[in-house]
Each structure stands twice: as C-alpha cells, then as structure tokens.
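Peer 1: Below are the structure tokens for one structure; questions will follow.
The values are calculated or read from the model by the stated rules, or taken from the named source; none is laboratory data. Computed from a predicted structure; not experimentally measured. Counting neighbours? That spans all protein chains shown, and the Cβs are built from the backbone with ideal geometry, glycine included. Just the protein is used for accessible areas: all its heavy atoms, side chains included, with ligands, DNA and RNA removed. Shrake-Rupley method; radii C 1.70, N 1.55, O 1.52, S 1.80 Å.
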Amino acid sequence: MLGRGGARLSVRALMTASVTAVAALALALLAGALWTSRTVSRAMREAEEDVWVLAAAQQVDLTLREFHRLANLCVATGEVEVEAARRTTEEELGGALARLGVVAQGSQEARLAATLTGHVDAYLRARRALEARGLPLDQLLPALRPALERVIASSAAFQDAMRANLDETNAAVHDALRLQAVTVGATAALLVAGLAALGLGVRALVVRPLLELRDTVGRFRRGDEDVRAPACALREPHELAAGVDDMIATIVQQRRRQLEFLAGVAHDLRTPLATLKLQVQAIERQGAPVTPERLRLLDRQLDRLSRMIGDLLDATRIEAGQLELAPADVDLRQVARAVVELYGPTTQTHQVTLSCPDDAVLVRGDALRLEQVVSNLVSNAIKYAPGGGPVEVRVSALEEEAELSVSDHGVGIPPGELEEVFVPFRRREAAAAVAAGAGLGLSIVRRIVAAHGGRVEVESAPGRGSTFRVRLPHLPAPGEGPTA
Ligand code: ADP
C-alpha cells in the first residue's frame, strides 16, 4: 500500500510555477520585441533624416550648377528670358540653402551646411562684383573659378559626409534588425521549450499516473485482488492512488468478511438444525417418547434458529436504513423485568437478577426494540458465562440519562477488542469456541440505541466478566423519586 507521508509537490504548486515561468517568458518575449522594434525604428528614423539631408545638399549642388550655367549664358547673350530664368534659379538656390539649414540638425551636418552656405554666398558675391565690372565671360570665368571650386569642394565634402553617415545608420539598422531577430527568436524558442516541458511534465506527472490508476481500477474490476495503485510524484495523484489502494483493501477485506460470515452463518444454522433432525429421527424411527423435556429441547433449537434468522433480517434492514421505530413513553424497568422473567427460567446455572428504583425510569422509545436490546445483552451474558454465575440487570435514573446495565462473570473481552465486538459479523475466536452466534447482536444493539439518541459502552476484564451499559435520554416524570 502507498504511504501517505513524505513532502510531495502539489499539482497546484507545479501548475502555478509553470504558468508563472511561461508568463515570465511571454513577458520577456514581449519586452524584447518592444525594445528591439523601438531600436529598429529609431535607427530607421535616423537613416530617413540622413536621406533628407543628403537630398537637400544634392538639391543645393544641382541648383547652383544650373544657376552658374544660366548666369554664364546671361553674360554671354544678355537675353531677357535667360535673365528671368537666372533670377528664378537664384531664388531656388536660396530656398534650397534655407531647406538645408532646416534639415541639417546634427552638429557635424550644421557645421558643413554653414560652410557650404558661406561658400555659396562668397561665390554669389564674387560673381556680382565681377559682373558689375562688365568683364567678358572668358575673363570672368577664370576669376570666378576659385570661389566656384570652393563651393563644389564643400558640397562634395558635405555629400560624402552624409553618405558616410547614411552607411553608418544603415549598419545600425541592420544591427538592430539582427538583434531583434536574435532576441525575439531566442525568447520564442525558450517559450516553446517551456511549453513543451510543461506539456511533457503534465503528461508524465498527471496524465500517466491517472491512466495507470484507471488500469488499476480496471484490473481490480476484472478480479485481480492483489493489484495496487502506482506511486505518484505529485501530491494529489498520490493521494488519489492511496485512496484507491485503501478502497481496494477495504473492498477485499469486506468481501472476505462476508464470505467468512456466510460460512459462519451456514455453520451456525446447521447446529440447531442437526439437533432438530436427530430428535425428530429419534421419535420417528426409534419410537422415542415425546417427553416434555424433548419438546423443550426442540423448542429451544427452534428459538435459536428463529433468533439467528431474526438477527439477520434486522441487520439487513438496519444496513438498508429501514429501521422503523414506534416511539412511546416507556418505563425501562418494565422492559428489563420482562426480559429477566423470560431468560431467568432458561438457565439452571445462572442467577438472573434485576435491581431498579421504585419510580418509573421513563424514556422515549420503541418498547419492542428496547426489549430486543436488553434480550441481546442478557442472552450474551448467559452465553459468554458458560460456567454460570450471577447475571445482574440494573436500571437507574441518572441526572439527564437513564441507564440499563447487564453484568456477567463470564469469559470477558480483552481491552484491545472492546470496540470490535460492535462491528457486524465480527466474532472473537475465543468466544466462538464458547457459544454459537452470527456476530450481529451487538451491532444491532448499538444501532437501535443510537436510533433512540443513546449510546452503549462496555467494560470488561478477561476471565472476570463484562458489563454492558446502555444510556438513553431520560424523560423526567412528575414525582420521580431517588434511584434504588
Ligand atoms: P454473537 O454473540 O452472535 O457472536 P454479538 O454481536 O452479540 O454476536 O457479540 C459479538 C461478540 O462480542 C461475540 O462473538 C463475543 O465475542 C463478544 N461478546 C458479546 N457479549 C459478550 C459478553 N457478555 N462477554 C464476553 N464477550 C461477549
């Protein structure tokens, strides 16, 4: 049988720990995904800004080159349309420079943008001064070259710096994306592994033991009485298995007891039947006289049979919860007196005596059932004192209870077996050698007394005798006197 002790992890604790771990992993996954996506989006925003700055710088470069071309054409031709286009382009150049100033926010970008703007301003100023002097194009261009080259060089430096920035930002975006993939992938893998471990754990620690338990119950149902539930690592399945084991053991024990009981009943019924048969055969075949003594013997055997069958019927009724009482106010003295008068004459070796108070000892109950209780106790007292001796029946009124006791000087009951005698079909081996019986009388007594709201107690010393006490709720009667 499985032991119940030992500290075992409970299913609830395991599930709480597992769900907490899975929830923590899920949270980590979420936090990792959030953090990495923020990193990625920041890197992408930076890349986008770099692209805008680069585009603005390229726009300045292109517009300046267009302005330079138109201004040269204007100097060469002096046409009005070209002059108008040159003014428009110069305004566009101013707008492109202003946009560059707005988008170039970083310190390096702002510095480079300021240099470029300064060089463009210098070029425009130099151009205006040279044109004011009315120089022809072939003299103006060489004079303007240094300023133009400074503009082109600073524009190229600006664009190179922006491209380098963009490369760096791209690399940062890639790093962030890789980090996101690694973080989310690793946490997701952990989460999947955790869920798989949880599933496997539940299968091994809960599902498999339950299936084994189901097999155990199935094998027991098919008749295997030696089957036992498997040990389980978790507390609840283990307790369930221990409960199933207990149940199997109890059913097996009950079945054995019932078989023993049937064998005992069959054996006990055969004894009076055999005596009856012998006596009837003696009369029939050998013409033995039908003396009053022989008739009394036959009558006693019939009584014994009828009592045993009555006990069996009572026991089955009580087990089925069909004990019906017809309650009335009953004087316990009268019940005791009737039983003493009935049993007194049946024995030569015992002195059955009654002592009771002068006043009625009233209880609320079924007189016939109470008589059955006292009869059982008195007949046991006679049965289990085979050497004879006094059998004392006492009725007394206590403060709130009425007490009826039956004492004998018989074989007695060992202290360890005092409770056993009230268990149905339980007969002490030593007592079985002394007298016949089905082992039902005292269990019926206890049930009847309990149905009356009372209790039965026993006091006994092996070899010295026993006293059975029945205590019932006492009905106070007007004029009730002191107990005798
Ligand atoms: P039965 O007498 O038919 O065996 P009971 O239920 O009346 O059944 O008694 C149960 C057991 O209690 C008896 O087998 C006997 O061992 C013990 N017992 C009952 N009354 C006495 C008694 N007065 N003295 C000693 N043993 C007793």
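Peer 1: Could you check residue 34 against (1) touching a helix residue (DSSP H, G or I) at 6+ places or on another chain (Cβ under 7 Å); (2) over 30 Å from residue 157 (Cβ atoms) and say which number it fails?
Peer 2: For residue 34, the failing item is (1).
Peer 1: Which of the residues spanning the range 221-261 are without any contact (Cβ under 8 Å) to a residue 24 or more places away in the chain, open to solvent by 70 Å² or more (accessible area, probe 1.4 Å) and among the hydrophobic types (A, V, I, L, M, F, W, C)?
Peer 2: Across the range 221-261, the qualifying residues are 247, 259.
Peer 1: Does residue 211 satisfy being out of contact with any strand residue (DSSP E or B) (no Cβ under 6 Å at 6 or more places or on another chain) and open to solvent by 30 Å² or more (accessible area, probe 1.4 Å)?
Peer 2: yes
Peer 1: Got at least one residue in the range 134-150 being closer than 17 Å to residue 68 by Cα, touching a residue at least 60 places away in the same chain (Cβ under 8 Å) and crowded, with 17+ Cβ neighbours inside 10 Å? Spell out the reasoning first.
Peer 2: Our first condition is that a residue be closer than 17 Å to residue 68 by Cα; within the range 134-150, this holds for 134-150.
Keeping just the survivors that are touching a residue at least 60 places away in the same chain (Cβ under 8 Å) gives 136-137, 140-141, 148.
Okay, now just the ones that are also crowded, with 17+ Cβ neighbours inside 10 Å, so 140, 148.
Checked the range 134-150: at least one residue is closer than 17 Å to residue 68 by Cα, touching a residue at least 60 places away in the same chain (Cβ under 8 Å) and crowded, with 17+ Cβ neighbours inside 10 Å.
Peer 1: Before we move on, is residue 322 under 25 Å from residue 306 (Cβ atoms), within 16 Å of the ligand (Cβ to nearest atom) and either outside the structural domain of residue 464 (by TED's automatic domain parsing) or of a type outside the set (A, V, I, L, M, F, W, C) (or both)?
Peer 2: Details: under 25 Å from residue 306 (Cβ atoms): yes; within 16 Å of the ligand (Cβ to nearest atom): no; either outside the structural domain of residue 464 (by TED's automatic domain parsing) or of a type outside the set (A, V, I, L, M, F, W, C) (or both): yes.
No; evaluated as a whole, the condition is false for this residue.
Peer 1: Pull out all pairs, ordered by first then second residue, where Cβ-Cβ is under 6 Å, the residues are six or more apart or on different chains, the first lies in the range 61-77 and is in a helix (DSSP H, G or I), and the second is of a type in the set (Lys, Arg).
Peer 2: 70/86; 71/86; 74/86
Peer 1: Looking at the range 365-373, is at least one residue open to solvent by 50 Å² or more (accessible area, probe 1.4 Å), within 12 Å of the ligand (Cβ to nearest atom) and of a type outside the set (Lys, Arg)? Full working, then the answer.
Peer 2: Start the filter on the range 365-373 by keeping residues that are open to solvent by 50 Å² or more (accessible area, probe 1.4 Å), which leaves 368, 371.
Checking which are within 12 Å of the ligand (Cβ to nearest atom) leaves us with none.
Checked against the condition, which is being open to solvent by 50 Å² or more (accessible area, probe 1.4 Å), within 12 Å of the ligand (Cβ to nearest atom) and of a type outside the set (Lys, Arg), the range 365-373 yields no hits at all.
Peer 1: If you check 294, 337, which single one turns out to be basic (Lys, Arg), under 25 Å from residue 395 (Cβ atoms), free of Cβ contacts under 8 Å to residues at least 24 places away in the same chain and in a helix (DSSP H, G or I)?
Peer 2: 337
Peer 1: Here is a further query. I need the full set of residues from the range 454-465 which are surrounded by 13 or more Cβ atoms within 10 Å (Cβ to Cβ), in contact with a strand residue (DSSP E or B) (Cβ under 6 Å, 6 or more places away or on another chain) and not basic (Lys, Arg), in order please.
Peer 2: Across the range 454-465, the qualifying residues are 454, 456, 458, 459, 460.
Listed here are the residues, each with its yes/no results for (1) modelled with pLDDT under 95; (2) touching a His at 6+ places or on another chain (Cβ under 8 Å); (3) part of a helix (DSSP H, G or I); (4) within 7 Å of the ligand (Cβ to nearest atom).
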residue	(1), (2), (3), (4)
404	no, no, no, no
424	yes, no, no, no
433	yes, no, yes, no
438	yes, no, no, yes
446	yes, no, yes, no
453	yes, no, no, no
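Peer 1: State which residue is nearest to the chain's Cα centre (by Cα) when the search covers only the range 228-281 and only residues that are in a loop (DSSP other than H, G, I, E, B) and aliphatic (A, V, I, L, M). Working first, answer last.
Peer 2: Taking the range 228-281 first, the residues in a loop (DSSP other than H, G, I, E, B) are 228-233.
Add one more test, that the residue is aliphatic (A, V, I, L, M), and what stays is 229, 231, 233.
Details: 229: 19, 231: 18, 233: 14 Å.
Only one residue fits best here, namely 233.
Peer 1: Do you know which of the residues in the range 466-484 that are exposed (fewer than 14 other Cβ atoms within 10 Å of the Cβ) and at pLDDT below 65 is nearest to the ligand (Cβ to nearest atom)?
Peer 2: The residue in question is 484.
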